[in-house]
Amino acid sequence: MAADGQLKVLTTLDHARTQWYHFMAIVIAGMGFFTDAYDLFCISLVSKLLGRIYYTDIARDTPGSLPPNVSAAVNGVALCGTLAGQLFFGWLGDKLGRKSVYGFTLVLMVVCSVASGLSFGRTANGVVATLCFFRFWLGFGIGGDYPLSATIMSEYANKRTRGAFIAAVFAMQGFGILFGAIVALVVSAGFRNAYPAPSYADGRAASLVPEADYVWRIILMFGTVPAALTYYWRMKMPETARYTALIARNAKQAAADMSKVLDTEIQEDADRAEAVAAGGAGNEWGLFSRQFVRRHGVHLVATTSTWFLLDIAFYSQNLFQKDIFSKVGWIPPARTMNAVEEVFRIARAQALIALCGTIPGYWFTVAFIDVAGRFAIQLMGFAMMTVFMLGLAAPYHHWTTPGNHTGFVVMYGFTFFFANFGPNATTFIVPAEIYPARLRSTCHGISAAAGKAGAIVGAFGFLYAAQDPHKPEVGYKPGIGIRNALFVLAGTNFLGMLMTLLVPESKGMSLEEVSKENVADDEEATA
């Protein structure tokens, strides 16, 4: 169909006033992301405790910690599962429909979240192995939420506020991170008061009470609560009109579904519905076709590369987070605390970071995405991240001297504020808008998987690379040092800024208009 042959149900969706069902969709899709963030990031709150419980040797002066390979497995296996889930469920969402697959990912997340907390074994390796197994499949379910949540929200929204709605779904990630820190604070405070213990320095064996093993299990399992609460509402959501009309070829059903949702009567034009059922414009090309490469090849390069580069920087924050926390006094040396106290201190620091830097950045994007546009916000975000990374790297020795740590925290906070008020949000939004309906979930999944590949590089590649060249941590080989790693990350952000130049602007356009889905190949060639 040509542009003037748009289905009435899609035109109605594009011009619908913002109403209750939009907010319901944000909450239903957003709670998935809330749970995703909780499940992905809560492991960093308890990994120190796992080291103390399963790897402490009381003959040593310092409490136990996870060996490098075990730490990489525990923290990274969910990222690997997420990458696989993004590719698989992204593809499945275009084949079977957004709604049916959406429910399955949530069930998988609930089951594997509980199973992670119930990880069993007689030895440390046994517990870690079962934990890693269930966290991989937890990540697999989380991976499906990325393309499906973004696609569902983009296909439900009107074109005027679509960016803000998708950004609001993604912004729930910030609340999920904060909720994880709050749960860890409450659980650790409760156990700390119920089972008082000396610091490791004052009593090595007594500093680790047997009940501490319950702390990490409760924290991991608590992620099932928000996911389970939204399952019923997910199943009540109708399939998106764009999937029903453009992929399932049932425009009348799409009109009936949206009539109920919008509480208005939508009468679909019979000729247009018949044209869609017969194949529309005849654009049936697939992901690996010449037509896709010509229309969207550059777009796919742009969305995958920018998300990959962004996540390298975003997930490398653990490089200097532990140094910041210890130098400003938020987390004292491990030997001066007992096991449960350390969880409490780490959770408190994470909550402060989430409140001051993470959450505000997300909501700045919600406020300005449909005003400034996706392109401008992403370009600005990468540029400011580059500037602040250089501001951390160039005078790094100045920041590490006593009296200057507060300045380091401020610079660090601004770096990740502009990640969230910038590419961390826009790389999620853009792939849900610029691809045709039959490939939208697939292409979003590919873009998101590229991001998770960057996350793995950032979280673990740089963990090894940033080791001090003269005095690396126990179990690690010498690296290039934190200062040089920061320079590399600044270069990564600059490259992300350059790749953003390939990203198209989709502000205020219908999904069919921006993806040229309603334009036939011969029409495009003569345009």
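Seen against the Cα atoms of the chain and their longest principal axis, helix 20-41 is set at about 30 degrees. Once C-alpha pairs closer than 8 Å and six or more residues apart are averaged by separation and normalised to the residue number of the chain, the relative contact order reads 24 percent.
If you count, for each residue, the other Cβ atoms within 10 Å and average over each peptide, how do 93-102, 405-414 line up from highest to lowest? Show your work: numbers first, answer last.
Values: 93-102: 19.6, 405-414: 17.4.
Answer by packing, highest mean first, reads 93-102, 405-414.
Pairs 236/516; 236/452; 252/452; 48/99; 95/452; 159/252: which are spaced more than 27 Å apart, C-alpha to C-alpha? Checking Cα-Cα distances, 236/516; 236/452; 252/452; 48/99 exceed 27 Å.
Taken along the Cα-to-beta-carbon direction at a fixed 7 Å, the label points for residue 123 and residue 259 span 6.6 nm.
Scalar couplings 3J(HN,Hα) for segment 138-147, obtained by applying the Karplus form with A = 6.51, B = -1.76, C = 1.60 to θ = phi - 60°, are 4, x, 4, x, 4, x, x, 5, 4, x Hz; x denotes Gly and Pro. Charge tally for residue 57 (other residues, Cβ to Cβ under 14 Å; Lys, Arg +1; Asp, Glu -1): +3.
Over all projection directions, the Cα-based convex hull of segment 101-170 averages an area of 5.1 nm². Here the chain was treated as a single set of alpha-carbon atoms; its pair distances binned every 10 Å from 0 give 4, 19, 29, 24, 14, 7, 3, 1, 0 percent.
I'd like to know which of 7, 434, 368 lies farthest towards the positive end of the charge dipole of the chain, counting +1 on Cβ of Lys and Arg and -1 on Cβ of Asp and Glu. Of the candidates, 368 comes out farthest on the positive side. For segment 1-146, the dipole from Cβ point charges (+1 on Lys and Arg, -1 on Asp and Glu) about the Cα centre works out to 220 debye, to the nearest 20.
For residue 371 and residue 15, calculate 0.36 nm times their separation in residues minus their Cα-Cα distance, and state this gained length in nm to one decimal. Present the calculation step by step, with values, prior to reporting the outcome.
Details: separation 356, 0.36 × 356 = 128.16 nm, distance 1.72 nm.
So the extension gain works out to 126.4 nm.
From helices alone, the chain scores -23000 deg cm²/dmol at 222 nm; the rule is -39500 (n - 2.57) for each run of n ≥ 4 DSSP H residues, then divide by the residue total. If I take R0 = 25 Å and measure r between the Cβ atoms of residue 55 and residue 193 in this structure, what FRET efficiency does the formula 1/(1 + (r/R0)^6) give, to the nearest 0.05? The pair residue 55/residue 193 has a calculated efficiency of 0.45.
Counting only other residues whose beta carbon sits under 15 Å from that of residue 157, what net charge do I get with K and R as +1, D and E as -1? Before the final figure, lay out the partial values.
Numbers: positive: 17, 98, 159, 160, 162, 242, 374, 440, 507; negative: 14, 155, 370, 433, 512, 513.
Neighbour charge sum, excluding residue 157 itself: +3.
The stretch between residue 363 and residue 221, if pulled fully straight at 0.36 nm per residue, gains 48.3 nm over its current Cα-Cα span. Note on segment 174-261: with charges restricted to the Cβ of Lys and Arg (+1) and Asp and Glu (-1), its dipole about the Cα centre is near 560 debye. Name the residue from 30, 296, 412 whose Cα lies farthest towards the positive end of the charge dipole of the chain, charges +1 on Cβ of Lys and Arg and -1 on Cβ of Asp and Glu. Positive-end residue among those listed: 412.
Using 1/(1 + (r/R0)^6) with R0 = 60 angstrom and r between the beta carbons of residue 96 and residue 394, what's the FRET efficiency to the nearest 0.05? Can you show the working numbers first?
Details: r = 51 Å, r/R0 = 0.86.
Efficiency for this residue pair is about 0.70.
The angle between the Cα long axis of helix 68-96 and the main principal axis of the chain comes to about 10°, on a 0 to 90 degree scale.
So what's the angle, to the nearest 10 degrees on a 0 to 90 scale, between helix 212-221 and the longest Cα principal axis of the chain? Tilt of helix 212-221: around 10 degrees.
Calculate the FRET efficiency for residue 27 and residue 294 from the Cβ-Cβ distance with a Förster distance of 60 Å, rounded to the nearest 0.05. Could you put the intermediate results ahead of the total?
Details: r = 39 Å, r/R0 = 0.65.
Between residue 27 and residue 294 the formula returns 0.95.
Among 137, 150, 195, which residue has its Cα positioned farthest towards the positive end of the charge dipole of segment 133-218, with +1 placed on the Cβ of Lys and Arg, -1 on the Cβ of Asp and Glu, and the dipole taken about the Cα centre? In segment 133-218, that residue is 150.
With +1 on each Lys and Arg Cβ and -1 on each Asp and Glu Cβ, and nothing else charged, work out how big the dipole of the chain is about its Cα centre, in Debye to the nearest 20.
For this selection, approximately 1200 debye.
Taking 0.36 nm per residue of separation and subtracting the current Cα-Cα distance, fully stretching the chain between residue 471 and residue 206 would add 92.3 nm.
Each reported figure results from applying straightforward, stated rules to the coordinates on display, with no laboratory input. A quick note: this is a predicted structure, and the numbers were derived from the prediction, not measured. Neighbour counts run over all protein chains shown; Cβ positions are idealised from the backbone, glycine included.
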